[in-house]
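This report refers to the structure that appears directly beneath it.
Just so you know, all these numbers are worked out from the coordinates, no wet-lab data involved. What you are looking at is a predicted structure, and each value in this text was computed from that prediction instead of being measured. As a convention, Cβ positions derive from the backbone with ideal geometry for all residues, glycine included, and neighbour counts pool all protein chains shown.
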Amino acid sequence: MKLFGPPDASKRSLIRRSSVVSVLDIGSSKICCVIARLKPLAGDARKESLGGRTHSVEILGMGNQRSRGIKSGLVVDLDATEQAIRLAVDAAERRAGLTVDSLIVNVSAGRLSSETYTASVALSGKSVEDADIGRVLAAGRRHSVSEGRTVVHALPIGYSLDSDAGIADPRGMSGERLGVDMHMVSGDAQPLQNIELAVARCHLSIERLVATPYASALSVLVDDEAELGCACIDFGGGTTTLSVFMKGQFVHVDAIAIGGHHITNDIARGLSTRLEVAERLKTVYGSALPSPADERENLLVPSIGHDDGEMDNQIPRSALTGIIRPRVEEILELARDRLNASGFAALVGRRMVLTGGASQLNGLVEAARRVLARNVRLGRPLGIAGMPELARGPAFAAAAGLIIYPQIATMEQCDTGRAWRPAMTGTGGGYFARVGHWFRESF
C-alpha cells in the first residue's frame, strides 16, 4: 500500500530508526496486547516488502484475554474493561520482559463515518515545495466536524495542480494553484473518551487511536487489491466494520453495530441454552450455508438450568443452520447496502476481503459471495513473522494492523484542537501534538 502524500524530509530521515511499539486491540470478544520491535528494512528488502512497510516486525510478547465490559465496541463496564486490559498488558509485558507506558489502540465504537474535504492554496506559477504541501494540508485539516464528534484520521488521498487531478507527489511541479483531497474519519467523542478512561485507569496512556477497519485492512490487503480498489469487511464480535481502498488509499469507512455475538445470542434464544453452549455450537457445528447431511446429524443441547439427571435436548443440525443463516445474511446485506450508499461500489469492482474473528464461521465466505455478488476471500495478517500460531488467523487482523500502522503514520494530518478531552482542546500540548512528538521520536 503506497503512501499518497510524501512525508516531509525530517520524517523521511527518521524512519531509519528501530523502535519498540506496544498495541492494544480492544474488541467485544477479546482484548489483545502485542509488544513488537520494528527494525528498518534495507533498500532491497524494502522494495520487496508490502507497500508502505519500511520495517520488519519482531514480536516480543503477546497477551490475550477474554473481553469484559465491552459491548459492540462500547465500554459498558469500566471496572471489568480495566481488569481485562490489565491482564492482557501484564501477560505481554512478562513475555517481552519490558514495561509498557503507552499504547496504540484501536476503536470501532462511536459510529465511525467518513467525510471528504477539498482545500487549495495559491502558487503563483512557482514550483511546489515541501512548504507548499504543508500549507495545503493545513488548509485541508481546518474543516470542522459536527459537534460531539472527533477526528480519528485525517488523510490526504490526492493532490491536484490547477485542473490536473490524481497527482501522487506534486513536489517540483509548477502551477497556479495546489489542491488536496482529505479523507477524514470521525467518531462520537464520548465512546472514545471512555476507552481512554479505561486505559488511563491501568496507568497507561494512548499514543494513537486507529479505526479498526483501517488497521485490519492494513494487515490483510495485498498491494494490487489496495491499488485496483477493494472493500474489506471486519466481521467482529460486536461490530461489523467496512473499509474501502482505492489507488492505494484509505477512502471510506463505515460501521454496523451487529456481529458474531448477535449470532450467538440468536442460538441461545432459539435453542433455550446457555451462551457458552451457544458459542461452542456456533464454533464447532455452525454454518452459514445448509448441507444435505444436516437433517441426518443430531446435536445434544443442554437447556438453561439443566440438571445432571436431565436428558439433553436433541436437535437436527439443520435447526442450528436455520438460526445462523438469516442473521449472517442480514449482516452481509447491511454491508452491501452501506457500500452501495457510499458511492464506491462500482470502483471497488468485484474484490472484497472478509476478516475478523466471526469471519471464520463455516460457509461464511461462500454466503458472502452469494449475497455480495463479488469475489470474496478470507483475509489473514500478512508480512508479520513471529506471530504465535494461534494469532495468525483473521481474529488477529486488527492487532497486526496496529503494529503496521506506525510505518505509515506520517500520512496523518490531525489537528491538535480535535482531541476529545476538553482539557486538551486547542492547546499546543494536546493529544495529537503528543502523538506527533512520539512518531517523530520513534520513527
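Assuming R0 = 35 Å, can you tell me the calculated FRET efficiency for the pair Leu390 and Thr99, based on Cβ-Cβ distance, to the nearest 0.05? Working shown, then result.
Working: r = 25 Å, r/R0 = 0.70.
E between Leu390 and Thr99, to the nearest 0.05, is 0.90.
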Just to be sure I understand the model, the point goes 7 Å from the Cα along the line to the Cβ. What's the resulting Glu310 to Glu297 distance in nm? 2.6
What is the Cα centroid distance between region 307-343 and region 218-274, reported in whole angstrom? 16
With an 8 Å cut-off on Cα pairs and a minimum separation of 6 or more residues, tell me the relative contact order of the chain in percent. 19
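Given all pairs of different Cα atoms, what value in angstroms does the Kirkwood hydrodynamic radius of region 124-247 take?
Details: mean 1/r = 0.0583 Å⁻¹.
It works out to 17.1 Å.
If you take every DSSP beta bridge whose two residues both sit in the chain, what share of them, in percent to the nearest 5, is antiparallel?
Numbers: 62 of 78 bridges.
Percentage antiparallel, nearest 5: 80.
Assuming 0.36 nm per residue, please report the length gained on full extension of the stretch Asp90 to Ala122 beyond their Cα-Cα distance.
Working: separation 32, 0.36 × 32 = 11.52 nm, distance 5.24 nm.
Answer, rounded to one decimal: 6.3 nm.
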Would you mind checking the radius of gyration and Dmax of the chain based on alpha-carbon positions, in Å? 22.7, 87
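For the chain, what is the calculated [θ] at 222 nm in deg cm²/dmol (nearest 500), taking -39500 (n - 2.57) for each run of four or more DSSP H residues and dividing by its residue count? All intermediate terms of the calculation are to be shown ahead of the outcome.
On the way: 14 runs with 151 residues, N = 443.
The per-residue figure over the chain is -10500 deg cm²/dmol.
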Between Lys126, Lys30, Lys71, where does the largest GNM mean-square fluctuation fall for the chain, given springs only between Cα atoms within less than 10 Å? Lys126
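How much of the calculated P(r) for region 189-297 lies past 20 Å, in percent of all Cα pairs? List each step's numbers first, then the result.
Values: 3570 of 5886 pairs.
Percent of Cα pairs beyond 20 Å in region 189-297: 61.
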Specify the inter-centroid distance of region 275-294 and region 345-407, based on alpha-carbon positions, in whole Å. 21
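Mind checking the full-extension length gain between Ser205 and Leu78? Use 0.36 nm per residue of separation minus the Cα-Cα distance, one decimal, nm. Show your work: numbers first, answer last.
Values: separation 127, 0.36 × 127 = 45.72 nm, distance 1.59 nm.
In short, 44.1 nm is gained.
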Would you kindly calculate the mean projected area, averaged across all directions, of the convex hull enclosing the Cα atoms of region 228-349, in square nanometres? 8.8
What three numbers, in Å, describe the spread of the alpha carbons of region 61-113 along their principal axes, ordered from the longest? 37, 23, 16
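With a ≥ b ≥ c taken as the square roots of the eigenvalues of the C-alpha gyration tensor of region 285-327, please select rounded if a/c is under 1.5 and otherwise prolate if a/b is larger than b/c or oblate if it is not?
On the way: a/c = 4.17, a/b = 1.92, b/c = 2.17.
It comes out oblate by the Cα gyration axes.
For region 156-213, what mean projected area does the convex hull of the alpha carbons give, in nm²? Present the calculation step by step, with values, prior to reporting the outcome.
Details: hull surface 25.1 nm².
Average of the hull's projected areas for region 156-213 equals 6.3 nm².
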